[in-house]
Every structure is written in structure tokens, then in C-alpha cells.
Amino acid sequence: MKRSSHARNEQFVFTLLIVFMLSIGAELQPCSASSADLQLEGFEYVKAKNFAKALECFNGALKEHPNSWAIMQSIGNCQMELGRYDAAIANLQKSIESGGLQASQCISMAAVYQRKGDAKKALNWLKLACSCEPSKASDPGIQAAMTRLLDPANNPTGSPTTPDYCSSLVSFKGWPQKAMPIKVYLRPNPQISGFFSVFSETIKDSLGQWRNATGNTISYKFVDSPESANLICDYTDHRELVSSQHDLGINGNTEMLVKQDNTPGSANIVVLVKDGPAAPFRNRALLTLCCLHEVGHALGMHGHSPNLHDVMFPVATLSGAATLSERDKNTIRRIYLR
């Protein structure tokens, strides 16, 4: 058997907090006390992932310092997290016009374009960041991001408007009918055992959505031990279990053993449900999107969709309900109903 791995990005190279810290170091010293307080309050909202309130704080700070490139960048970053990509680009462009080109602005621009599914522009902005600040070229996070953007599995081609995205996947091969029902084991995590019921419900919902899309052609049953399972589902609050130290935005991973005929042999899903023991649990809708995505990989999809409204888009972008799109449904049907 051969092994393949699929990872899910929720954020880009650096977390927004790190990008914001680049701004705070450059800007807070010359600001008035009230503007500095507003920015610090905004950063606290960012930590809590309340980007709407953070945006209010940064907009308030900008009124006092209308030419601050760093505050404009923070506003652009918030707009990105709120899914307002055109507004984010506009604010980041204003930041560049006001303060000149900075590496942190380029990284933010790369993040926006990566979320929009434009890997080419994202890669160009990262290269520009390295030109502005040559030390970035040797930064492991930047290197890992560039590698991911060049990987065909994370850089889907094809049209985002076709009925399905099979042509955008690197490969696809479903579980054979003789392997049905897929035997699923949900493994409790004793360190965060109180979250097991939520995780179980989310995985069951994810499996159910993919099954229903195929009219029950996909089937599964839950088993009581990992030894009797061919799909094991884990959850964790330790990021290193879903990614390396350089893959800062990955929130889920699927390891698969593939048979000689390229059909799945077994799979292990690991989902990051909170980013560290002291952190809050992730938003339930984003958790569902992550589980849907990883289950999609486990069902035989190697690669991603180029449409940000699809569950199999390489970045978790909550643009509506955490449910399969019509393209997701059509794709899984093509794989299992041929």
C-alpha cells in the first residue's frame, strides 16, 4: 500500500495575530494614547476572533491617524477574516500607498488572494515579501507556504463554475462496494474528553451529508475499537498533531493508505478542535466544515476544488451554512455512482 496525506488550511502562512504584531511594533510608539488603546483593544478582539469588533476599534484608531499604514493593514486583515476580500484588498492597497511597500502587507495580500483561490497571485505577493525583506526567503513558514501553493493538490486548476470539480482533483477513487459499510471508530481524547460528544455529532453529520449525497451508495457503521476500523477519527488541541511547526494554518489532516488499484485501504482523520489547551474551542460551523473536508479526503478525493463555496476548497471559508455545495454533491456522485 502507499500512503497519502491531505491537510486543511483555515488561515494562511502566519496567523493574523502575528501579522498584527508586525503592525503594532511599527505603529504604537508614535500614536496618541487613545489610538494606541483602541489598537490594543482591537488586538484583544482579534485574539478572541471577534473580527467585527476588532474592525470597529481599528476604524476608530484610523480616525485619529488617517495616514497610518499599519492601522490600514489591520483593517484589511479584519476585512479578510470577515470574508470581504475586495474591501481587504482595497485597504491593503491604501496601506501600501500610505506607508510604502512592507513585507507584512505583502503577506496579508497573499493571504487574501489565497482565500480567493488565486494561488498565482498569492505566490507572487509572497515573492514580493521576500524582495522587500530578504530574510523572509529563509523563513520556514514562508517556505512552507510557497511549497503548498506550488503543490497541485493545494493549487486546484479547472473552472470554478462547472457542475463538479473532478477535473480539478489530482486523483479520485472511492471505496469499493465490497468495503462497505466503512467501519468508523471515533476515538475519545482523555485530555479533552468533555468535547467528545460534540466531535462525535460533527463527524456523524459530516458522514451523513456525504452518504445522503450518493443516495446511500456510501454506507458506514461505527465500531467499538480501532483494530476493527478502517476509518479512525481523532480530535486534538495540539497543533503539531495535524501539521509541522511550519504549517501554521492547518486545522485538519487525513492520512490514507491506498491499495495497488488506488482505492482507499484505510484512513485516519485528525481535527484540531482548539489551538492549544488554554484556547477556546473552535466555532462549530468551522469545525463542521473542517470535518466535512477531511471526510471528503477519506472518501477518496485527492486534491481540492477551486471554488471557495465548495467544502473541498483548500481553505475553510465560511460563506454560508456548513453544508455540502451542489458541486460537492455532484462530485461525490461522479466518484461513487459511475
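The values are calculated or read from the model by the stated rules, or taken from the named source; none is laboratory data. All values derive from a computational prediction rather than experimental measurement. Note: ideal-geometry Cβ built from the backbone for every residue, glycine included; neighbour counts use all protein chains shown. What goes into the accessible areas is simple: the full protein's heavy atoms, side chains included, and nothing from ligands, DNA or RNA. Shrake-Rupley method; radii C 1.70, N 1.55, O 1.52, S 1.80 Å.
For the range 140-155, the tally of residues that are assigned to a loop (DSSP other than H, G, I, E, B) and surrounded by fewer than 18 Cβ atoms within 10 Å (Cβ to Cβ) stands at 2. If you go through the range 96-115 one residue at a time, do you hit one that is under 29 Å from His304 (Cβ atoms), in contact with a strand residue (DSSP E or B) (Cβ under 9 Å, 6 or more places away or on another chain) and in a helix (DSSP H, G or I)? Scanning the range 96-115, I find at least one residue that is under 29 Å from His304 (Cβ atoms), in contact with a strand residue (DSSP E or B) (Cβ under 9 Å, 6 or more places away or on another chain) and in a helix (DSSP H, G or I), so the answer is yes. Close Cβ contacts (under 7 Å, 6 or more residues apart or on different chains) running from residues in the range 131-150 that are under 17 Å from His304 (Cβ atoms) to residues that are at pLDDT 85 or above and small (Gly, Ala, Ser) comprise Leu149/Ala122. Gly276 meets the conditions (1) open to solvent by 30 Å² or more (accessible area, probe 1.4 Å); (2) part of a loop (DSSP other than H, G, I, E, B) in every case but one. The failed one is (1). Looking at Gly158, is it open to solvent by less than 40 Å² (accessible area, probe 1.4 Å) and either free of Cβ contacts under 8 Å to residues at least 60 places away in the same chain or not aromatic (Phe, Trp, Tyr) (or both)? Considered against the rule, which asks whether it is open to solvent by less than 40 Å² (accessible area, probe 1.4 Å) and either free of Cβ contacts under 8 Å to residues at least 60 places away in the same chain or not aromatic (Phe, Trp, Tyr) (or both), Gly158 comes out as no. On the stretch given as the range 266-283, residues that are in contact with a His (Cβ under 9 Å, 6 or more places away or on another chain), within 19 Å of Pro188 (Cβ to Cβ) and of a type outside the set (A, V, I, L, M) total 1.
Evaluated against (1) charged (D, E, K, R); (2) farther than 30 Å from Glu326 by Cβ; (3) out of contact with any Ser or Thr (no Cβ under 9 Å at 6 or more places or on another chain), Glu133 falls short on exactly one condition, (3).
Looking at (1) crowded, with 21+ Cβ neighbours inside 10 Å; (2) at pLDDT 95 or above, which one does Pro188 not meet, given that it meets all the others? Failing condition for Pro188: (1). Among the residues of the range 315-322, is there at least one that is among the small types (Gly, Ala, Ser), touching a residue at least 40 places away in the same chain (Cβ under 8 Å) and open to solvent by 30 Å² or more (accessible area, probe 1.4 Å)? Within the range 315-322, one or more residues are among the small types (Gly, Ala, Ser), touching a residue at least 40 places away in the same chain (Cβ under 8 Å) and open to solvent by 30 Å² or more (accessible area, probe 1.4 Å). Within the range 91-121, the set of residues being over 21 Å from Asn50 (Cα atoms) and small (Gly, Ala, Ser) comprises Ser95, Ser98, Gly99, Gly100, Ala103, Ser104, Ala110, Gly117, Ala119.
With respect to (1) under 30 Å from Ala48 (Cβ atoms); (2) out of contact with any helix residue (DSSP H, G or I) (no Cβ under 7 Å at 6 or more places or on another chain); (3) touching a residue at least 24 places away in the same chain (Cβ under 8 Å); (4) not β-branched (Val, Ile, Thr), the lone exception for Ser325 is condition (3).
Give the residues of the range 161-181 that are part of a helix (DSSP H, G or I) and either open to solvent by less than 40 Å² (accessible area, probe 1.4 Å) or among the acidic types (Asp, Glu) (or both), sorted by residue number. I'd like the intermediate steps shown before the answer.
So in the range 161-181, the residues part of a helix (DSSP H, G or I) come out as 166-168, 177-179.
Residues satisfying the conditions are Cys166, Ser168, Ala179.
Going through (1) under 21 Å from the mean Cα position of the chain (by Cα); (2) farther than 27 Å from Lys274 by Cβ; (3) in contact (Cβ under 8 Å) with a residue 12 or more places away in the chain one by one, Ser34 falls short only on (1).
Taken residue by residue, the range 221-243 has no member that is on the phi > 0 side of the Ramachandran plot and at pLDDT below 90. Within the set Ser74, Ser108, Ser68, Ser95, the sole residue that is buried (at least 24 other Cβ atoms within 10 Å of the Cβ), in contact (Cβ under 8 Å) with a residue 60 or more places away in the chain and either under 21 Å from the mean Cα position of the chain (by Cα) or over 27 Å from Lys274 (Cα atoms) (or both) turns out to be Ser108.
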